[in-house]
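Right, one structure below, let's go through it.
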Amino acid sequence: MPRYTPMQRAALAAPVIVAGAVLSLGVSASQAVTPPPEESKPYIIPPYSPPAPAKTFKLKPPPPPPAPPPAPEAVLPVSGYHLTARFGAGGSMWSSNHTGLDFAVGEGTPIHAIASGVITETVYDGAYGNKTVLQLEDGTEIWYCHQSSFDAGVGTKVTAGQVIGYVGSTGNSTGPHLHLEVRPGGGDPIDPAGYLAGRGLAA
């Protein structure tokens, strides 16, 4: 039997760790005590929870468009004008005193109905040149004279501001202008400036 020194005997008695097992000298790996494996826990699937319903938002309908401004009851026959002859003026241009109001303005300027009515005549009328007669709802006739061309025929119903013709210099005229006459009931002419003023218009 071999003889060991005290140091050798102590080394032989010390435990040896191999692959997780504690061996003592002279003890085989099969004899070593292996700790039992940890018990595996089953995976529990959590119950299904449906997602919360998406929030719905009700869109407010857009506000209605603003109402259009009311149509004017009366307008001036042309814009950008200057007056060259007033009612009752005398002179060699006329066989008698002037029977209307002359609005001097560029050739081709649109002419507007001063109020609602119906066109009763479009004709070339001698000294008046191309003339449109507009009969208003109260029977008053408005004569638009010296036009270059017409834009509304006989029987056309028009409203205030609607274009009915264009400024010209036809008939007895020395330059482009609108000669406007106002004849209540189709009778004798009256001062157009006063008639327009009664409708809130300053010529």
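The values are calculated or read from the model by the stated rules, or taken from the named source; none is laboratory data. Note that the coordinates shown come from a computational prediction; the quantities given were computed from them, not determined experimentally. Backbone-built Cβ (ideal geometry, glycine too); neighbour counts: all protein chains shown.
When only residues in the range 154-203 that are of a type in the set (S, T, N, Q) and out of contact with any Pro (no Cβ under 8 Å at 6 or more places or on another chain) count, which is surrounded by the fewest Cβ atoms within 10 Å (Cβ to Cβ)? Out of the qualifying residues, it is T174.
Of the residues in the range 77-94, at least one is more than 34 Å from the chain's Cα centre (by Cα), closer than 22 Å to A203 by Cα, crowded, with 17+ Cβ neighbours inside 10 Å and modelled with pLDDT under 95.
Each row is one residue, and each column tells you yes or no for (1) part of a loop (DSSP other than H, G, I, E, B); (2) not polar (S, T, N, Q).
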position	(1), (2)
Y43	yes, yes
P51	yes, yes
T56	yes, no
P61	yes, yes
P65	yes, yes
P70	yes, yes
V78	yes, yes
L83	no, yes
A89	yes, yes
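Regarding P61, is this residue under 39 Å from the mean Cα position of the chain (by Cα) and either without any contact (Cβ under 8 Å) to a residue 24 or more places away in the chain or not assigned by TED's automatic domain parsing to the domain that holds G168 (or both)? Judged against the criteria, P61 is a match. E73 meets all of the listed conditions (1) in contact (Cβ under 8 Å) with a residue 24 or more places away in the chain; (2) more than 19 Å from E181 (Cα to Cα); (3) charged (D, E, K, R) but one, namely (2). The criterion of at least 2 residues that are more than 32 Å from the chain's Cα centre (by Cα) and either among the hydrophobic types (A, V, I, L, M, F, W, C) or closer than 20 Å to V75 by Cβ (or both) is met by the following strands (runs of 3 or more DSSP E) wholly inside the range 104-203: 117-124, 130-136, 141-150, 177-183.
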